[in-house]
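In what follows, a single structure is set out as C-alpha cells and then discussed.
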Amino acid sequence: MEIRNIAIIAHVDHGKTTLTDALMRQTGMTAEGVTMDSNALELERGITIYAKNTSVYYPSRDSGREVTKINIVDTPGHSDFGSEVERVLRSIDTVLLLVDAQEGPMPQTRFVLKKSLELGLKPIVIINKIDKAAARPEEVHELVLELFLELGANDEQLDFTTVYAIGRDGIAKMKLSDESKDLTPLLETILREVPAASGDKNLPARLQSFNLAYDNFLGRLAVCRVYEGIVKSGDVVYVKKGISAKSSAEADDRPTQAKPEFRGKLTKLFSFEGTKRVETDMAAAGDIVMIAGLPTIYIGDTICQSEDAETLPSINIDEPTISMNFLVNDSPFAGREGKFVTGRQIRERLEKELEINVGLKIEWNDENPAIQGYTVYGRGELHIAILLENMRREGFELQVSQPHVIIKENVNGVKMEPFEEVTVDVSDELAGSVISRLTERRGILTSVKQTHGHQRIVIEIPTRGLLGYRGQFIVDTKGNGILSSRFIEFREFVGEIKKTSYGSMVSMEKGKVLAFALDNLQQRGTLYVDPGVEVYVGQVIGNVSKGDDLFVNPTKGKQLTNMRAAGSDDSVYLAATYKLDIEKAMEVMSDDEFIEITPKSVRLRKKVTRK
Ligand SMILES: Nc1nc2c(ncn2[C@@H]2O[C@H](COP(=O)(O)OP(=O)(O)OP(=O)(O)O)[C@@H](O)[C@H]2O)c(=O)[nH]1
Ligand SMILES: [Mg+2]
C-alpha cells in the first residue's frame with residue numbers, strides 16, 4: 001500500500017484539529033464528535049497542546065482504486081508549543097499550511113512556515129474558514145504568497161497549490177466558485193502532490209523517533225518514521241543518540257557512526273487508526289509506527305538493526321526562553337490539600353516529565369544550595385503552566401517563583417536576552433494605547449497596517465517586557481483584541497524595563513474572609529478571594545491599582561465597626577472576584593511572591609508570610 005506522510009501546521013486556532021477531525025470522519029475512521037484534542041486540558045481549553053498522530057485510508061476500499069494510507073500529524077499552534085512542531089517536521093514529507101481566511105498569516109504561521117521551508121518541504125496551502133463573514137480569501141492568498149517570498153522560498157515551493165476550505169463543515173474546494181460537499185478535493189490533492197513515502201525495504205531497518213508518549217503498562221513509547229527496511233515486533237535493535245544537547249545551538253546534526261547507546265527489544269509495535277492505536281506485527285520503510293520496549297529512547301534517536309549503521313541527522317529544538325523555580329510548599333497551609341508534597345516526590349515527577357517534554361530543561365541546583373528548589377526552563381509561560389496544571393491534577397502541591405526570562409552571555413561576553421515579535425489586532429481607537437504600553441516596555445514598532453476594520457500592529461519586544469502584559473492587554477481592550485507572540489532570537493540586553501507596578505493587597509490576619517470586609521476593600525482594587533475562604537497572614541488577596549503593597553484585614557466583621565451611617569442597609573454588593581488560576585497568577589505576581597499550587601487551590605502569597 002502506498003503511504004503519504006503529512007503534518008498540519010498553522011497559527012493557533014486556525015482550524016488544524018477541526019480539519020483533522022473532519023478528515024477522519026470522511027474516511028470513516030471515526031464517528032461524529034470524535035476529536036484529536038483528547039487530553040483533558042486540551043478539551044477544557046479548546047487548544048492543542050501535544051502533537052498527535054492519526055492515519056486515514058483513502059480512497060475507500062470499495063472505490064475500486066488502490067487504497068493509500070495517509071499518516072497525519074496534528075500539531076499545536078500556540079507558540080509555547082513550537083517545539084512540538086519542530087520535531088515533527090523532519091519526519092513527514094509535506095505540510096498542509098492552514099491560514100484563517102479572515103486573520104491571514106499570523107506570527108506562528110511565519111514560524112512554522114519558515115521551519116518547513118528551511119527543511120526543503122513544499123507546503124500545500126489551505127485557506128480555511130472561508131465561511132466567516134469577514135473572510136477575504138483572495139487577499140489572504142496574496143499575503144501568504146508574500147510571506148513565502150519574504151521567507152526565501154525557492155521556485156518549487158513558491159509554486160504551491162492552494163485549497164479553500166470550511167474545515168468545520170468538512171468542505172474543501174480548489175476554486176472559490178467550485179461547488180463541493182466534502183473534503184474530496186483536499187484528499188485528491190494530497191494523493192497527487194505529496195510524494196509517496198519511499199525507502200529501501202531490503203536494507204537493515206533504520207528508524208528515527210520524533211515524538212514520545214508514556215503508557216503505565218508499556219512504559220515509554222516512541223513514534224518513529226521508518227526510513228529503511230522492515231521492523232517487526234520482537235526485533236532486537238540498537239539505539240544511537242541523536243541529540244546530545246537539548247538546544248539547537250549545541251546540537252550537532254551530522255550523521256555519525258557512533259557506538260550504540262544501548263540494545264533493546266521492540267516488545268510491541270502500533271499503527272494509528274483514527275484516534276486509536278492498533279497493534280501491528282511489522283512496519284516497512286516509509287511508514288510511521290509507535291514502538292514500545294526501549295525505556296530510555298529519546299527524540300531524534302536512531303533505532304537500527306545493524307550495530308554499525310549511521311545515525312540519521314539529529315532533530316534540533318529551539319532553546320527555552322523563561323524559567324521558574326519549583327519549591328516545596330512552605331506556606332502556613334502547606335500539606336493540607338496535596339497528596340504529593342515532598343521535594344523528592346516533586347523531583348521524581350519532574351524527572352518523568354523531562355523524558356517526554358522536549359522543550360523543557362531543569363537544573364536541580366544540588367551544588368547550589370543558595371538557590372531554592374529546582375529551576376525549570378520552558379518555552380513560555382503557558383508551557384510551564386500546563387505542566388503545573390497537570391501536576392496539580394495528579395495530586396501535587398508546590399510553590400513556584402515568578403517567571404524570569406533567560407539572560408545569557410554571547411561569545412564576546414555581551415549580555416543577551418530573548419526577543420519576541422508581537423502581533424496585535426485591535427480596533428482603531430485602541431491602537432494608540434496598545435502601542436504606547438508596548439513601547440514603554442521597550443517594544444520597537446515595526447509596522448502598523450489597516451486590515452478589515454482593525455489595526456494590525458507588529459512590535460518587537462524583549463520577552464521581559466511582555467511578561468505580565470497579557471493581563472493588562474485584556475483589561476485595556478476589554479477582551480476585544482487579539483495578541484500573539486513568538487520568540488525570534490536572543491538580542492543584546494536592553495537594560496531596565498519600567499512597568500506600571502501594581503501593589504498587592506496582603507492579608508495581615510488569618511481566618512475566614514468576610515463579605516463585609518471585602519465590601520470595603522473592593523474600593524481599593526481588584527480582589528482574588530471570595531467570602532468564606534480561609535486566608536493566612538501574608539497571603540495576597542487582591543491588587544491595588546496604585547502604588548505599594550497594602551496590608552489589610554479581610555476577616556474583619558461588622559461587629560467590630562459600629563459606626564455605620566443610619567439608614568444604610570446591611571446588604572453587601574461584591575464585584576466579581578478575579579479568580580486566580582496558574583496563568584493569571586503568573587501574570588499578576590511580583591518578584592517577592594510565590595504561587596502556591598495545590599489540587600484544590602491556587603493562592604498568591606508573599607515569600608515571607610509573617611512580618
Ligand atoms: N467559521 C469557522 N470556524 C471554524 C472552522 N474550522 C474551525 N473553526 C473554529 O475555530 C476554532 C479553532 O479550531 P481548532 O480546530 O481547535 O483550531 P486549531 O488550529 O487546532 O487550534 P490549536 O491546535 O490550538 O492551534 C474552533 O472554535 C472551531 O470551531 C471553519 O471552517 N469555519
Ligand atoms: Mg488543534
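No value in this document is a laboratory result; all are computed from the given coordinates. Nothing here was measured: the structure is a model prediction, and the numbers come from that model. Virtual Cβ from ideal backbone geometry, glycine too; neighbours counted across all protein chains shown.
In nm, what is the difference between 0.36 nm times the number of residues separating THR267 and SER545 and their Cα-Cα distance?
Additional length available on full extension: 94.1 nm.
Any idea what the dipole of the range 2-193 comes to, in debye rounded to 20, about its Cα centre with Lys/Arg Cβ at +1 and Asp/Glu Cβ at -1?
380
About the Cα centre of the range 106-188, how large is the charge dipole given +1 on each Lys and Arg Cβ and -1 on each Asp and Glu Cβ? Please answer in debye to the nearest 20.
Dipole size: approximately 380 debye.
Of LEU113, ILE482, THR296, which is farthest on the positive side of the dipole of the chain, counting Cα position, with +1 on Lys and Arg Cβ, -1 on Asp and Glu Cβ, and the Cα centre as origin?
Of the candidates, THR296 comes out farthest on the positive side.
In the range 481-532, which trypsin sites (Lys or Arg not before Pro) are in a loop and have at most 12 other Cβ atoms within 10 Å, using DSSP for the loop call?
LYS498
Give me log10 I(q)/I(0) at q = 0.15 Å⁻¹ for the range 2-193, Debye formula, one equal scatterer per alpha-carbon, no solvent.
Each listed q corresponds, in turn, to -0.85.
What whole number of Å gives the distance from the Cα centroid of the range 146-173 to the Cα centroid of the range 458-478?
Rounded to whole Å, the Cα centres lie 31 Å apart.
Running Debye on the chain with equal point scatterers at the Cα sites and no solvent, what base-10 log of I(q)/I(0) appears at q = 0.05, 0.06, 0.10 Å⁻¹?
Debye output, listed in q order: -0.25, -0.36, -0.97.
Quote the charge dipole size of the range 503-606 about the Cα centre in Debye, to the nearest 20; the model charges only the Cβ of Lys and Arg (+1) and of Asp and Glu (-1).
For the range 503-606, the charge dipole is close to 300 debye.
Would you pull out the residues with amide H under 5 Å of ASP215's amide H, same chain only if 5 or more places away, H placed 1.01 Å from N?
For ASP215, whose amide H was placed from the backbone, the distant partners under 5 Å are ARG220, LEU221.
Lysines near LYS415 by alpha-carbon distance under 22 Å, same-chain residues fewer than 8 away left out - which ones?
Filter leaves LYS246, LYS361, LYS498, LYS499.
Dipole of the chain (Lys/Arg Cβ +1, Asp/Glu Cβ -1, origin at the Cα centre): which of GLN345, LEU221, MET391 lies farthest to the positive side?
Farthest towards the positive pole: GLN345.
What's the exposure ranking of LEU121, LEU186, going from fewest to most Cβ atoms within 10 Å?
Listing LEU121, LEU186 from fewest to most nearby Cβ atoms yields LEU121, LEU186.
Express the relative contact order of the chain as a whole percentage, based on alpha carbon pairs under 8 Å and six or more residues apart in sequence.
Relative contact order of the chain: 10 percent.
Loop only per DSSP, at most 13 neighbouring Cβ atoms within 10 Å: give me the GluC sites (Glu not before Pro) in the range 357-463, ordered by residue number.
Those satisfying the criteria are GLU367, GLU394.
What order do you get for THR35, THR17 when you list them from fewest to most C-beta neighbours inside 10 Å?
Ordered by Cβ neighbours within 10 Å, fewest first: THR35, THR17.
If each residue's Cβ is checked for other Cβ atoms within 10 Å, how do VAL12, VAL226 rank with the fewest at the top?
Final ranking by Cβ density, sparse to dense: VAL12, VAL226.
For the range 492-550 and the range 28-104, what is the separation of their Cα centres, given in Å?
43
Taking only DSSP H segments of four or more residues, each worth -39500 (n - 2.57), what value at 222 nm results for the chain once the sum is divided by all its residues, to the nearest 500 deg cm²/dmol?
It comes out at -6000 deg cm²/dmol, rounded to the nearest 500.
Taking the DSSP beta bridges in the range 2-193 as the whole, what percent of them are antiparallel, to the nearest 5?
Antiparallel bridges make up about 35 percent of those DSSP assigns within the range 2-193.
Checking the a/c ratio against 1.5 first, then a/b against b/c, what shape does the Cα gyration tensor give for the range 503-606?
Prolate, because a/c is 1.5 or more and a/b exceeds b/c.
Hey, what do the phi angles of the range 358-364 turn into as Karplus ³J(HN,Hα) couplings, whole Hz, using 6.51/-1.76/1.60 and θ = phi - 60°, x for Gly and Pro?
In residue order, the calculated couplings are 5, x, 9, 9, 9, 10, 7 Hz.
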